[in-house]
Amino acid sequence: MHTYGEPVSGTREDKIRRLEHLSDDLERTVAGMTDAELDTPYRAGGWTVRQVVHHLADSHINAYTRVRLLLTEHEPTIKPYDQDAWAALPDAQRMPISISLALLRPLQIRLAAAFRNAKVEDWSRTAHHPDWGSLTLDHFLNEYSWHGHHHLEQIDWLRPSKR
(Lines give C-alpha, C1' and ligand atoms only; values in the text may rest on other atoms or scores of the structure.)
Protein backbone atom coordinates (compact mmCIF):
# COMPACT_ATOMS: atom_id res chain seq x y z
CA MET A 1 0.00 0.00 0.00
CA HIS A 2 1.22 3.45 -0.89
CA THR A 3 2.00 5.90 1.87
CA TYR A 4 3.87 9.20 1.65
CA GLY A 5 4.31 10.43 5.14
CA GLU A 6 3.76 9.97 8.79
CA PRO A 7 0.16 9.30 9.69
CA VAL A 8 -1.66 12.36 10.94
CA SER A 9 -2.86 11.81 14.49
CA GLY A 10 -6.32 12.65 15.68
CA THR A 11 -9.87 11.81 14.84
CA ARG A 12 -11.34 11.93 11.37
CA GLU A 13 -12.82 15.32 12.27
CA ASP A 14 -9.38 16.57 13.37
CA LYS A 15 -7.95 15.51 10.00
CA ILE A 16 -10.84 17.09 8.10
CA ARG A 17 -10.32 20.39 9.95
CA ARG A 18 -6.59 20.25 9.19
CA LEU A 19 -7.38 19.74 5.52
CA GLU A 20 -10.04 22.44 5.58
CA HIS A 21 -7.56 25.00 6.96
CA LEU A 22 -4.84 24.29 4.41
CA SER A 23 -5.69 27.38 2.36
CA ASP A 24 -5.37 29.72 5.34
CA ASP A 25 -2.17 28.03 6.49
CA LEU A 26 -0.69 28.19 2.99
CA GLU A 27 -1.59 31.85 2.55
CA ARG A 28 0.08 32.70 5.88
CA THR A 29 3.18 30.71 4.90
CA VAL A 30 3.68 32.42 1.53
CA ALA A 31 2.55 35.91 2.63
CA GLY A 32 5.12 38.51 1.75
CA MET A 33 7.33 36.21 -0.28
CA THR A 34 9.00 37.95 -3.20
CA ASP A 35 9.05 36.54 -6.73
CA ALA A 36 12.70 35.63 -6.15
CA GLU A 37 11.72 33.62 -3.06
CA LEU A 38 8.78 32.03 -4.87
CA ASP A 39 11.15 30.96 -7.63
CA THR A 40 13.61 29.36 -5.18
CA PRO A 41 13.63 25.57 -4.98
CA TYR A 42 12.84 24.30 -1.48
CA ARG A 43 15.74 21.84 -1.88
CA ALA A 44 18.51 21.24 -4.42
CA GLY A 45 16.93 19.83 -7.56
CA GLY A 46 13.44 20.31 -6.12
CA TRP A 47 10.49 22.37 -7.18
CA THR A 48 10.29 26.07 -6.56
CA VAL A 49 7.86 27.42 -3.98
CA ARG A 50 5.71 28.64 -6.90
CA GLN A 51 5.61 25.11 -8.33
CA VAL A 52 4.75 23.67 -4.92
CA VAL A 53 1.80 26.05 -4.52
CA HIS A 54 0.50 25.12 -7.98
CA HIS A 55 1.19 21.44 -7.21
CA LEU A 56 -1.02 21.66 -4.14
CA ALA A 57 -3.91 22.89 -6.29
CA ASP A 58 -3.25 20.17 -8.88
CA SER A 59 -2.93 17.46 -6.28
CA HIS A 60 -6.00 18.46 -4.34
CA ILE A 61 -8.08 18.72 -7.52
CA ASN A 62 -7.12 15.11 -8.11
CA ALA A 63 -7.91 14.29 -4.47
CA TYR A 64 -11.36 15.82 -4.81
CA THR A 65 -12.05 13.83 -7.97
CA ARG A 66 -10.71 10.61 -6.44
CA VAL A 67 -12.83 10.96 -3.30
CA ARG A 68 -15.96 11.75 -5.30
CA LEU A 69 -15.34 8.72 -7.53
CA LEU A 70 -14.85 6.50 -4.48
CA LEU A 71 -18.11 7.77 -2.99
CA THR A 72 -20.17 7.30 -6.15
CA GLU A 73 -18.77 4.32 -8.04
CA HIS A 74 -18.13 0.70 -7.16
CA GLU A 75 -14.35 0.23 -6.77
CA PRO A 76 -13.36 2.90 -9.28
CA THR A 77 -9.92 2.87 -10.82
CA ILE A 78 -7.97 5.98 -9.91
CA LYS A 79 -5.98 7.51 -12.75
CA PRO A 80 -2.38 8.27 -11.85
CA TYR A 81 -0.76 11.45 -13.11
CA ASP A 82 2.86 12.54 -13.45
CA GLN A 83 3.16 15.31 -10.87
CA ASP A 84 6.68 16.20 -12.00
CA ALA A 85 5.46 16.70 -15.58
CA TRP A 86 2.57 18.84 -14.32
CA ALA A 87 5.00 20.94 -12.23
CA ALA A 88 7.22 21.40 -15.30
CA LEU A 89 4.42 22.96 -17.37
CA PRO A 90 4.87 26.69 -18.05
CA ASP A 91 1.85 27.76 -15.99
CA ALA A 92 3.22 25.97 -12.90
CA GLN A 93 6.55 27.68 -13.38
CA ARG A 94 5.36 31.22 -14.08
CA MET A 95 1.73 31.84 -13.15
CA PRO A 96 1.04 33.97 -10.08
CA ILE A 97 0.37 31.83 -7.02
CA SER A 98 -2.76 33.88 -6.30
CA ILE A 99 -4.56 31.78 -8.94
CA SER A 100 -3.90 28.50 -7.14
CA LEU A 101 -4.49 30.04 -3.72
CA ALA A 102 -7.92 31.20 -4.89
CA LEU A 103 -8.64 27.77 -6.36
CA LEU A 104 -7.64 25.91 -3.21
CA ARG A 105 -10.01 27.66 -0.80
CA PRO A 106 -13.34 26.47 -2.27
CA LEU A 107 -11.77 23.17 -3.27
CA GLN A 108 -10.72 22.46 0.34
CA ILE A 109 -14.19 23.36 1.58
CA ARG A 110 -15.78 20.94 -0.88
CA LEU A 111 -13.24 18.19 -0.13
CA ALA A 112 -13.75 18.60 3.62
CA ALA A 113 -17.52 18.45 3.09
CA ALA A 114 -17.18 15.22 1.10
CA PHE A 115 -15.31 13.62 4.00
CA ARG A 116 -17.55 15.13 6.67
CA ASN A 117 -20.73 13.97 4.93
CA ALA A 118 -19.52 10.43 4.26
CA LYS A 119 -21.79 7.75 5.70
CA VAL A 120 -20.43 5.07 8.02
CA GLU A 121 -20.47 2.51 5.19
CA ASP A 122 -18.57 4.89 2.87
CA TRP A 123 -15.45 4.56 5.01
CA SER A 124 -15.11 0.90 4.00
CA ARG A 125 -15.48 1.59 0.27
CA THR A 126 -12.36 1.19 -1.85
CA ALA A 127 -10.84 2.55 -5.02
CA HIS A 128 -8.11 0.87 -7.03
CA HIS A 129 -4.90 2.67 -7.90
CA PRO A 130 -2.83 0.87 -10.58
CA ASP A 131 0.41 1.44 -8.65
CA TRP A 132 -0.78 1.48 -5.03
CA GLY A 133 -3.56 -1.11 -4.97
CA SER A 134 -6.75 -0.83 -2.95
CA LEU A 135 -7.30 2.49 -1.15
CA THR A 136 -10.00 3.46 1.33
CA LEU A 137 -11.59 6.77 2.16
CA ASP A 138 -9.46 6.84 5.32
CA HIS A 139 -6.36 6.52 3.14
CA PHE A 140 -7.36 9.60 1.16
CA LEU A 141 -8.19 11.56 4.32
CA ASN A 142 -4.84 10.65 5.90
CA GLU A 143 -2.91 11.33 2.70
CA TYR A 144 -4.35 14.74 1.97
CA SER A 145 -4.53 15.99 5.56
CA TRP A 146 -0.78 15.25 5.68
CA HIS A 147 0.19 16.25 2.12
CA GLY A 148 -0.45 19.98 2.12
CA HIS A 149 1.09 20.58 5.51
CA HIS A 150 4.15 18.57 4.52
CA HIS A 151 4.71 21.05 1.70
CA LEU A 152 4.03 23.97 4.03
CA GLU A 153 6.91 22.81 6.22
CA GLN A 154 9.18 22.74 3.15
CA ILE A 155 8.16 26.27 2.16
CA ASP A 156 8.45 27.57 5.72
CA TRP A 157 11.99 26.22 5.94
CA LEU A 158 13.02 28.59 3.13
CA ARG A 159 12.13 31.67 5.12
CA PRO A 160 15.32 33.55 6.02
CA SER A 161 14.38 33.49 9.71
CA LYS A 162 14.26 29.67 9.63
CA ARG A 163 17.61 29.01 7.92
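Tabulated values for the structure
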{"read-out": "Rg to Rh, two decimals, where segment 12-64 supplies the alpha carbon set and Rh follows Kirkwood", "value": "1.04"}
{"read-out": "Accessible surface of the chain [probe 1.4 Å, protein heavy atoms]: carbon and sulfur percent", "value": "54"}
{"read-out": "Listed residue (Thr77, His151, Thr136) projecting farthest to the positive dipole end of the chain, Cβ model", "value": "His151"}
{"read-out": "Ranking by accessible area, most exposed first, for Lys79, Lys15, Lys119 with a 1.4 Å probe", "value": "Lys79, Lys119, Lys15"}
{"read-out": "Kirkwood-type radius of segment 114-163, with distances r between different C-alpha atoms, in Å", "value": "13.1"}
{"read-out": "Normalised convex hull volume, segment 38-163, alpha-carbon set, Å³ per residue", "value": "116"}
{"read-out": "Mean accessible surface per residue for segment 20-163, computed with a 1.4 Å probe while every protein chain stays in place, in Å²", "value": "50"}
{"read-out": "Over the chain: helical MRE at 222 nm, DSSP H runs n ≥ 4 each giving -39500 (n - 2.57), nearest 500", "value": "-19000 deg cm²/dmol"}
{"read-out": "Proximal charge balance of Glu73 [Cβ under 14 Å; K/R count +1, D/E count -1]", "value": "+2"}
{"read-out": "Assigned charges on the beta-carbon of Lys, Arg, Asp, Glu; the chain dipole about Cα centre (debye)", "value": "260"}
{"read-out": "Cα-centre dipole for segment 37-89 with unit charges at Cβ (Lys and Arg positive, Asp and Glu negative), debye to 20", "value": "80"}
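The values are calculated or read from the model by the stated rules, or taken from the named source; none is laboratory data. Everything numeric here is computed off the predicted structure, so don't read it as measured data. Note that we place each Cβ from the backbone using ideal geometry, even for glycine, and neighbour counts take in every protein chain shown. Protein only, heavy atoms only, side chains kept; ligands, DNA and RNA dropped before computing areas. Shrake-Rupley method; radii C 1.70, N 1.55, O 1.52, S 1.80 Å.
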